[in-house]
Every structure is written in structure tokens, then in C-alpha cells.
Amino acid sequence: MIAQNRSTLTALAAGIIVLHSAGCDRRVTVDSAPVPTAVAKLRAQLEAGASGVVDGDDGGALVEPTGFATLRGRFTIQGTPPNNPQLKPNRDQQTCAPGGRPVFREELIVTPRESGGGIANVLLFADRVPAEWVHETAQPGNTDEVIFDQKQCIFLNRMTAIQYTQPLRIMNSDPVGHNTKVGTTGFDQTIPSGGSAVFQAQGSENRPQEVSCAIHPWMNAWLITRENGYFAVSDQDGMFEIPYLPAGVELTFRVWQEKSRNVQSVTVGGQSESWSKGKFTRTMVPDETVEMDVVIDAAIFE
Amino acid sequence: MHTPRSIIRPLLLLGVVALLVGCRAEDARFRMDMVYVRKQENATEIPFTRAQLLNLSNVLAAVFGTPDDPDILIDGDIGLHEIVDLTNLKMAAGPVGSDEMGFPHGLYREHCSHCHGVTGNGLGPTAAFLNPYPRDYRQGIYKFKSTPKGSRPTTEDLKTVLINGVQGTAMPSFALLADDEIDALVDYVKYLSVRGKIERDLIFEVADELEEKELLVDPEEPDDGLETVKMYLTAEVRKWASASNEATAVPAPPASSSDEDRLDSLARGRELFHGTLANCVKCHGETALGDGQTTDYDQWTIEIFTKEPQQPGIGEFVALGALKPRNILPRNLRHGVYRGGRRPIDLYWRVRNGIDGTPMPAATMKQPGQKGLTEADIWHLIDYVRSLPYEPLSNPHYGGHEAVVERQRL
């Protein structure tokens, strides 16, 4: 009897220990709790900085552009590009997939190898160019309307870059209704068949927003809104050009493609370059035209 | 089995001691949005370092304080004091209790945190069991409000949700709380919302702008980093501050004096509902049972779960605390249960502005020379939608043979 009690007690004690070690929330907390001393120091700096002068970004050495230059070139692919995924248009099929035509998400458009393998719809823009450096042809404040149309349930432009001050007129050339949503901007409207609506962006973005349609969820495209006009989207042959860039100063460019997102590893003029976060820098000489032959390995689109 | 007494006693003692020290509740603290961190890491293919995360955590604590001791940063002409009252925050924050005068504190933890989480991330202990999931405040997006998509809600909008609850969901009415307690909770929700949004902004800043391993606020040269923090804070506070001016004014419905007028309005509403101008039918379905578009996701889910046919795993996000994705379903309009309120004015805002964070779009209003809905059209739609629960089809038990036949036909 006593022995039984003892073994029960032992089992109980062991059970308590096992339950205890398993029961509490022991997930690894991946984020870190703030450190009070560091927090107090930051708080003091925040409060002190409120009236402090903090405009010395360039550390005093003022660099000014000495003229303007052009950056142009071509994005080409090396290797065999992956196939674009086939979509399943499951509604309004008469409009969206007439005759049962297969529909693909054209997330990577490459010209045939014999014509050079150019990559279309690669976005390139100059980042953080001070307004006073911008040439008059690329000035902030452009208000020219840009047309953005959809037909057969396809956005006709997969990659659109505009200045955020430009109204984007979203058309619907289909006999069915669409509903166009621009990422997280809050724009989300029904576009009546044959009608249109205007999207006015509120600010500059560093990454494209996805444009989509809730009625036809397989539809998508990309839109970036920038402050100045220093951006380009490569054409069907992979060619791009940004004219009148400030010369004599170091500029940071960013490169993005919808399948690979940030374009990070490339070969430029035979030299391999690593573009961390899709960024690279160039300093150009006034009136120079910098030619960039950018080769991208097909593997980054897998 | 024979176990010597000498072993049992120490074991028991150990168990008791372990119980006493081991499971003590941890101090409440704000949790970082590691799901969003992972999403950014995936986008840049560059992981955050521990030092970067700790730095972010310190910066956020310096600006916003802790769940037990919230703070607001007053900086020149704009700061959190523009939109919240620190006394209210203190009343809502902290552990549940009251002071010697009987004034309560810890209201948020008493009433809200079990669903919405201490951080306001919609990840309280009960969250996974609820459908719909509780709101995650950290994007600043709220569904039921008077302002357009993309705008923050007004104070009045948040109050309405607290007082009325959200019909058809687990969100109850808090109408029994005192007025000042409601005010305190509304302010605290704004505070958590701003804090969460700034956290996301700063995570994005680190991922998108900074060099690898670079700290957001370098302790040696803090100025640039702190300016960035203030820039985001100012922008977010402005959004909240301007919300009260952005509420969509609701015009009076067209006068309907006779039954004929009302029937005409219903007929016009039905026509719009099924037509390509308003497009309601595409999601709410031919039957209005909400079965037209059942494969979409809301804003909070789409962040980790895209609509791609080939779906990348979401296991990594679930492991970091994200709730399992669920499809967002269009409202079944035959029940007469409207989450955002059943008054005509509520329905007006839903139709006119859409529902933020969901696929429900805003109406495209008629412009000269352009297609679109008129104000009267919106009221016709509302009339039709409000009539749907009373159609025989909606009540097959009472509708007799006609309703059964109609259901079978559809």
C-alpha cells in the first residue's frame, strides 16, 4: 500500500515536472525587449533634438551638380527564362478568355534570343535626388494625365511609372465591369464598363504598388509613383533611357522587376556587380551618355 | 515498484518550487511585428540583425513607452497629443485595477486585450478561435467608418463601434461602460494604431533604405535616424488629425411619398445591383447570398498570402504568430445582419466609400461625360439591399412553395 502510494507520488511529481516544462509558453521570442538604459538615452535625444538643428545631412561638404548627363542601356537575359504561369479566368470568360484562349501572367517578358533577349518592364529610377538638382524636364509637379487601360481582363501596361502629381485615368474597355485597386493607397473603385475613374496618388513611393481587380482576381499590374521624372521602364526590347540626370554628383539608382523584385546581381559591361537591395550608384560627367549593358541571369527569375 | 522515500521528497519539492517560480506571468510588453519583418527580409533577401531589431525596439519604447507606462512624444506643433489625451492613455493602460479613489485603470487589458492583444496586433489568446479574426490595429485600417478608403476613422466612428459592437462577430457592445472609459479606450486604440503603423514604417525603412546591418538610430550619431522617426510620426498623426474633416457627407435620400415611388426605387436598385455600372452581383452573387466571389482575401491576410496559383508556403509566417489565412466572404445580404451597422446612413457609407481593407470597392460617382452612379442611385441600391431579407427567397420556411421553387431555380 505504502509502496503504491510512493510510486503514485513519484509519478505525480514527475508528471508535474513534465507538465511544467512543456506547458508554459516556451516559444523563442524572436523580437527583443527594449533595454531601459538605451531607451532613456534615446528619449532624451528625442526630446533634445526637437529644437536642435539637424539639417547637416551632407556633413558640410556641399556637392553641387556640374551639368547633366544621360543614362541609357538595355536589360538582357542570360539563360532560359522560366515559363509564365497560366491563369484560370473563371468568370466573364467570353470577355477574359475568348474561345478558351489560354491566359498567362506575363510577369517576365523576354524578346527571343535571336533579337537579343531583352527584358521588358524593368523599372529603373534615381533615388533621393534633391529637388534643386532636377532638370526642368523632370521637375516635380507634373500634372499630365496618364491613361491606364484594361482590355480582355488584362491591364495593358504591366509596369507603369508616373510622377505622383500626375492623375492616372483608369479606363475599362471591356463590356464587363471591373474594380481597380491600387495596393495600399486606399484607391479601390468600381470602373463601369466603358467608364473610367481617376487615381491621384498622395506621395512618392520606393516600391511599386500592385494594381488588382477583386472581380477578376487573376488580374494584376504594377504602379510606382515618384516625385520627379527620373525613372524609366524598359521597353519590349529591354531598352531604357533617363535623360538630363544631374552629373558630377553620385546618384543612387534602384532597379526592380516584378518577378525578381529587387534586381540584386547583374553583369554590367562584362563585370559582375552586386546591387544590394536593387541599388547601384553612378557618378556621370556632364553631357556624357552612359551606356549600360545589363545582363541578368535567368536564375533570379526562378 | 519500490522507490525510496529519499527520492520522492526532493522530487516533490522540486515540482513545487518549479511551479512557484516558473510560470510567473511575464511583464506585459509590446511585441514586434515579426511577420512583417520576415516579409521584408524575403523581399530584400537580407535578414535583419539582432542589433537592428533591438535598436528598433528601443526606439519604439523611447517614443511610445510601454504597455504599463504609455508615453507620447510632443515635438513642436505636432505630436501624439494632437490626437490622444495622455490621461486617457494612462486610464486604459497598465494592469487591471483601480486607485484608492476608485478610478479604474487597465481598461484595455480588462476589455480588449484577450482578443486584440496587448500590442493591438489582433493576436490575443482568443484570436485564433474567432471568425472573423479580431482587428489588427497596426496598419491603421478600419472597416466601419465614415471616411473614404485610405483615410483614418474619426473618433466618432471608433466610438460607434465600441458602443454598438460589430453585429455578426465576436465584438460585443461596450455601451455599459462610462463615457470617460469609452473615450479612454478610443484614445488607446488610436495610440496602439499609431504605434503599430510607425513600427511598420520603421521596419520598412530599415529593410528598404538602410545598408546591411546599419542601425536605424545610431547611438553615436542619432540625428538622422531620429529625424526619420519624427517624420513618420508626424505623417501618421496628421492622417489621424485630419480624419474628422474627411467624413463623407450623406445627402438626404430622394423623397418617396407613395408606395409607387418606393417600388420604383426597389426596381431601380435591383437593376443597378445586377448591372455593370455598380457590379454588386459580381461578388454578392446573383442570389445576393454572398456567393459571387469567395476566393479573395482581406488586406491583413493578403500581406502574407497572395492570390498566386502557385502558393509559396505561409508556414514561416504562421510559425511567427500569424493566424491561418481565411477567405473573406462578401456579405450575405439576405440575413439583414450588417457588421458596420444597419442604419441607412451606415449602408450609405459602405456603398459610397467601400469597406477599407476588404475587396468591397468605393462607388464610382457620375462625372460630367462619364459613367457612374448618382447619389439617388446609391439610395436606390440601399432600398433594394434593405428589402432583400424580406423577400420570400430569404425566408424559405415562411415563403411557401414559391420560395422553394425559386431556390431550386437558382
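The values are calculated or read from the model by the stated rules, or taken from the named source; none is laboratory data. In this text, all values refer to a predicted model and were calculated from it rather than measured experimentally. Cβ coordinates were reconstructed from backbone atoms using ideal geometry, including for glycine residues, and neighbour counts include every protein chain displayed. Just so you know, the surface numbers come from the protein's heavy atoms only, side chains and all, with ligands and any DNA or RNA stripped out. Shrake-Rupley method; radii C 1.70, N 1.55, O 1.52, S 1.80 Å.
For peptide B:56-64, what's the mean number of Cβ atoms from other chains within 10 Å of each residue's Cβ? Intermediate values should be presented prior to the final figure.
Values: counts 3, 7, 12, 6, 3, 9, 11, 4, 0.
Mean shielding by partner chains, rounded to a whole number: 6.
Compute the angle between helix A:2-23 and the longest alpha-carbon principal axis of chain A, please, reported from 0 to 90 degrees and rounded to the nearest 10.
The helix A:2-23 is inclined about 20 degrees to chain A.
Hey, what's the per residue convex hull volume over the C-alpha atoms of the stretch B:233-319, in cubic angstrom? Please report the intermediate quantities before stating the final value.
Numbers: hull volume 17.1 nm³, N = 87.
Spread over its residues, the Cα hull of the stretch B:233-319 gives 197 Å³ apiece.
Quick one: what Rg and Dmax do you get for chain A from the alpha carbons, in Å?
In Å, with Rg to one decimal and Dmax whole: 27.3, 101.
Under a GNM of chain B (C-alpha, springs under 10 Å), which listed residue has the highest mean-square fluctuation: B:Q139, B:Q370, B:Q293?
B:Q370
Mind grabbing the interface size between B and A? I mean buried accessible area, both sides, 1.4 Å probe, in Å² to the nearest hundred. Walk me through the intermediate numbers first.
Working: alone 22850 and 17670 Å², together 34080 Å².
Heavy-atom accessible area buried at this interface is about 6400 Å².
Taking amide H atoms as placed 1.01 Å from N in the peptide plane, list the residues 5 or more away in sequence, or in a different chain, whose amide H sits under 5 Å from that of B:R31.
B:T119
Using unit Cβ charges (K, R positive; D, E negative) and no other charged atoms, how large, in debye to the nearest 20, is the dipole of chain A about its Cα centre?
Value, rounded to 20: 1660 debye.
Which residue fluctuates most in the GNM of chain A (Cα springs below 10 Å): A:Q94, A:Q45, A:Q189?
A:Q45
To the nearest 20 Debye, how big is the dipole of chain B about its Cα centre, given +1 on the beta carbon of each Lys and Arg and -1 on that of each Asp and Glu? Walk me through the numbers before you get to the answer.
Numbers: 44 positive and 59 negative charges, 398 e Å.
My answer is approximately 1920 debye.
Name the residues of the stretch B:218-233 whose accessible area falls by at least 20 Å² when all protein chains are present instead of the chain alone, probe 1.4 Å?
B:P219, B:P222, B:D223, B:D224, B:L226, B:E227, B:K230
Considering only protein heavy atoms and a 1.4 Å probe, what is the carbon-and-sulfur percentage of the accessible area of chain B? Mind dumping the intermediate values first?
Working: 10870 of 19700 Å².
Carbon with sulfur: 55 percent of the solvent-accessible area.
Short version: ³J(HN,Hα) in whole Hz for each residue of the stretch A:255-270, in order, from phi by Karplus 6.51 cos²θ - 1.76 cosθ + 1.60 (θ = phi - 60°), x for Gly and Pro, what are they?
10, 9, 9, 5, 7, 8, 6, 4, 8, 10, 10, 9, 10, 10, x, x
Can you give the average number of partner chain beta-carbon atoms within 10 Å of each beta-carbon in peptide B:42-52, as a whole number?
Details: counts 1, 5, 6, 7, 4, 0, 2, 0, 3, 1, 1.
Shielding by partners across B:42-52 averages 3.
Each residue of the stretch A:79-86 in turn: what ³J(HN,Hα) in whole Hz from Karplus with 6.51, -1.76, 1.60 and θ = phi - 60°, glycine and Pro shown as x?
Karplus-based 3J(HN,Hα) across the stretch A:79-86 equals x, 8, x, x, 6, 6, x, 7 Hz.
Non-local amide H neighbours of A:I191 (under 5 Å, H modeled in plane, Pro and chain starts lacking H): which ones?
The list, which skips near neighbours in sequence, is A:H178, A:N179, A:T180.
What does the average come to when, for each residue of peptide B:354-360, you count the partner chain Cβ atoms lying within 10 Å of its Cβ?
Values: counts 8, 1, 2, 3, 2, 8, 4.
Across the residues of B:354-360, the mean count of other-chain Cβ atoms within 10 Å is 4.
Helix hunt in chain B: which complete DSSP H runs extend at least 27 Å axially by C-alpha with mean Kyte-Doolittle at least -1.0? Each step should come with its number before you reach the end.
Values: long enough: B:179-208 (43 Å, -0.13); B:223-242 (28 Å, -0.48).
Helices meeting the span and hydropathy rule in chain B are B:179-208, B:223-242.
Can you give the accessible area of B:V118, probe radius 1.4 Å, in Å² rounded to 10?
Ignoring ligands and nucleic acids, B:V118 comes out at about 40 Å².
What is the percent carbon and sulfur in the accessible area of the stretch A:83-161, measuring with a 1.4 Å probe over the protein chains and ignoring ligands?
Numbers: 1870 of 4170 Å².
So the carbon and sulfur contribution to the accessible surface is 45 percent.
Sorted by accessible area with a 1.4 angstrom probe, largest first, how do B:D71, B:D291 fall?
Working: B:D71 50, B:D291 85 Å².
Putting B:D71, B:D291 in descending order of accessible area: B:D291, B:D71.
Could you tell me what % of all Cα pairs in the stretch B:272-395 have separations over 27 Å?
Working: 2146 of 7626 pairs.
When every Cα pair of the stretch B:272-395 is considered, 28 percent fall beyond 27 Å.
So how tilted is helix A:36-49 from the main axis of chain A? Cα-based, degrees 0 to 90, rounded to 10.
30 degrees
So what is the diffusion coefficient of chain B in µm² per second by Stokes-Einstein at 37 °C and 0.692 mPa s, using a Kirkwood Rh over Cα pairs? Working shown, then result.
On the way: Rh = 24.4 Å.
Answer, rounded: 134 µm²/s.
What whole-number value in Å² describes the accessible area per residue of chain B for a 1.4 Å probe? Walk me through the intermediate numbers first.
Values: 19700 Å² over 410 residues.
That works out to 48 Å² per residue.
Using a Gaussian network model of chain B with C-alpha springs under 10 Å, which one of B:R350, B:R50, B:R200 is most mobile by mean-square fluctuation?
Of B:R350, B:R50, B:R200, the most mobile in the Gaussian network model is B:R50.
Taking a probe of 1.4 Å, how large is the accessible area per residue of the stretch A:81-173, in Å²?
Numbers: 4560 Å² over 93 residues.
Normalised by residue count, the accessible surface of the stretch A:81-173 is 49 Å².
Using a probe radius of 1.4 Å on heavy atoms only, what accessible surface per residue do you get for the stretch A:235-302? Whole Å² is fine.
On the way: 3050 Å² over 68 residues.
For the stretch A:235-302, the per-residue accessible area is 45 Å².
Name the residues whose placed amide hydrogens come within less than 5 Å of the amide hydrogen of A:A247, ignoring near sequence neighbours (fewer than 5 apart) on the same chain.
The list, which skips near neighbours in sequence, is A:T66, A:G67, A:F68, A:A69.
Rounded, prolate or oblate for the stretch A:220-293? Axes are the square roots of the Cα gyration tensor eigenvalues, ordered a ≥ b ≥ c, and the cut-off for rounded is a/c under 1.5. Present the calculation step by step, with values, prior to reporting the outcome.
Working: a/c = 1.59, a/b = 1.22, b/c = 1.30.
Judged from the Cα gyration tensor, the stretch A:220-293 comes out oblate (a/c at least 1.5, b/c at or above a/b).
Do any residues of the stretch A:204-221 lose at least 40 Å² of accessible area when the full set of protein chains is present rather than just their chain alone, and if so which, with a 1.4 Å probe?
Correct list: A:R207, A:A214, A:I215, A:P217.
Across 10 Å bins from the origin, how do the percents of Cα pairs in the protein assembly as shown run, short distances first?
3, 12, 20, 23, 19, 12, 6, 3, 1, 0, 0
Computed from the mean reciprocal separation of all distinct C-alpha pairs, what Kirkwood hydrodynamic radius does the stretch A:79-183 have, in Å? Could the numbers behind the result be given before it?
Numbers: mean 1/r = 0.0587 Å⁻¹.
Evaluated over the stretch A:79-183, this radius sits at 17.0 Å.
Which value, in debye to the nearest 20, gives the size of the charge dipole of the protein assembly as shown about its Cα centre, when Lys and Arg are +1 and Asp and Glu are -1 at the Cβ? Each step should come with its number before you reach the end.
Working: 69 positive and 93 negative charges, 688 e Å.
Magnitude of the dipole: close to 3300 debye.
What's the percent breakdown of Cα-Cα distances in the stretch B:174-325 across 10 Å bins, shortest bin first?
8, 17, 23, 27, 17, 6, 2, 0
Relative contact order of chain B, please, whole-number percent, based on alpha carbon pairs below 8 angstrom and at least 6 residues apart.
Details: 565 pairs, mean separation 64.5, N = 410.
RCO, chain B: 16 percent.
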